[in-house]
Amino acid sequence: MKSHKGKIDIICGSMFSGKTEELIRRLKRLDFAKKKYKLFKPVVDNRYDNNKVVSHNMNSVQATIISKSEDIYKHIKNEKIIAIDEAQFLDEKLYGVCKKLIEDGIDIILAGLDMDYKGEPFGSMPKLLSISHDVKKMHAVCFDCGETANYTFRINNDTQQVLIGSEENYKALCKNCFLNKIK
Ligand code: ADP
Ligand code: MG
Ligand code: ZN
């Protein structure tokens, strides 16, 4: 029997809630501890910078860009920790990939939107949340009223689930403001 198994820690919440900032904070701590990790992000997320994960306040960490979940295997050398930002954009195989990685003793820190712009569970996030070891739900400030926001509201009329953007396409809203807007 293997003596060690990995675990998944998840940082979730709406856009502008500080997920990427929190992820970067944890990665910087690993730097201090001299623990090796590899950070991945899906190719669809091309905001700000291609080879970096960048938060809305412009903090950044070098990242490996992948087009599909299974690419993660190819890029791991001897890192015992991997991180993923914008995990909701990766394909549905991410769940199986993460399960295999933790069985191999790798720890995963994963950040992603828990809900899409309709308030529905996003991509592999619900399944990953159910097998995670720790979950931190982040909250933004409602753009409309200043209350605690946990929804991402799309400002334009596009209806596809994935539409990359920032303030030009989305705003964070509290439950009240969100529900009043979508009905
Ligand atoms: P996420 O990855 O969750 O989209 P980031 O970590 O990239 O979020 O950015 C969080 C930062 O966004 C905050 O620290 C703040 O500077 C900025 N920000 C802009 N609008 C808001 C808002 N409405 N609520 C909270 N933070 C906001
Ligand atoms: Mg982010
Ligand atoms: Zn509000």
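Confirm whether residue 85 is among the acidic types (Asp, Glu) and at pLDDT below 95. Spelling it out, it is not the case that residue 85 is among the acidic types (Asp, Glu) and at pLDDT below 95. Of all residues in the stretch 18-46, those that are touching a residue at least 60 places away in the same chain (Cβ under 8 Å) have Cβ atoms under 6 Å from Cβ atoms of residues that are open to solvent by less than 80 Å² (accessible area, probe 1.4 Å) and within 16 Å of ligand 3 (Cβ to nearest atom), 6 or more apart or on another chain, in 19/13.
Given the condition part of a loop (DSSP other than H, G, I, E, B), within 30 Å of residue 168 (Cβ to Cβ) and hydroxyl-bearing (Ser, Thr, Tyr), answer yes or no: does some residue in the stretch 56-64 qualify?
Within the stretch 56-64, none of the residues are part of a loop (DSSP other than H, G, I, E, B), within 30 Å of residue 168 (Cβ to Cβ) and hydroxyl-bearing (Ser, Thr, Tyr).
Looking across the stretch 126-144, the residues that are within 16 Å of ligand 3 (Cβ to nearest atom) and in contact with a helix residue (DSSP H, G or I) (Cβ under 6 Å, 6 or more places away or on another chain) come down to 142, 144. When 181, 93 are checked against the criterion of being out of contact with any Lys or Arg (no Cβ under 6 Å at 6 or more places or on another chain) and modelled with pLDDT of 95 or more, a single residue qualifies: 93.
For the stretch 74-103, how many residues are under 17 Å from residue 5 (Cα atoms) and either within 16 Å of ligand 3 (Cβ to nearest atom) or open to solvent by 70 Å² or more (accessible area, probe 1.4 Å) (or both)?
5
Within the stretch 95-148, the residues that satisfy the criterion of being touching a strand residue (DSSP E or B) at 6+ places or on another chain (Cβ under 7 Å) and of a type in the set (Lys, Arg) are 136, 137. Against the numbered list (1) farther than 12 Å from residue 20 by Cα; (2) in contact (Cβ under 8 Å) with a residue 12 or more places away in the chain; (3) open to solvent by 60 Å² or more (accessible area, probe 1.4 Å), residue 57 comes up short only at (1). Against the test of being open to solvent by 80 Å² or more (accessible area, probe 1.4 Å), of a type outside the set (Lys, Arg) and modelled with pLDDT of 95 or more, the options 150, 176 yield a single qualifying residue, 176. Does residue 66 count as touching a helix residue (DSSP H, G or I) at 6+ places or on another chain (Cβ under 7 Å) and either surrounded by 22 or more Cβ atoms within 10 Å (Cβ to Cβ) or touching a residue at least 40 places away in the same chain (Cβ under 8 Å) (or both)? In short, no.
For (1) near ligand 1 (Cβ under 10 Å from one of its atoms); (2) part of a helix (DSSP H, G or I); (3) aromatic (Phe, Trp, Tyr); (4) closer than 20 Å to residue 87 by Cβ, each residue gets a yes or a no:
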| residue | (1), (2), (3), (4) |
| --- | --- |
| 132 | no, no, no, yes |
| 136 | no, no, no, yes |
| 145 | no, no, no, no |
| 157 | no, no, no, no |
| 165 | no, no, no, yes |
| 171 | yes, no, no, no |
| 178 | no, yes, yes, no |
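One residue stands out in the stretch 17-36 among those that are assigned to a helix (DSSP H, G or I) and among the charged types (D, E, K, R): the one that is nearest to ligand 2 (Cβ to nearest atom), namely 19.
The values are calculated or read from the model by the stated rules, or taken from the named source; none is laboratory data. If you're wondering where the values come from, they're calculated on a predicted model, not measured in any experiment. So basically every Cβ, Gly included, is an ideal-geometry build from the backbone, and we count neighbours across all protein chains shown. Just the protein is used for accessible areas: all its heavy atoms, side chains included, with ligands, DNA and RNA removed. Shrake-Rupley method; radii C 1.70, N 1.55, O 1.52, S 1.80 Å.
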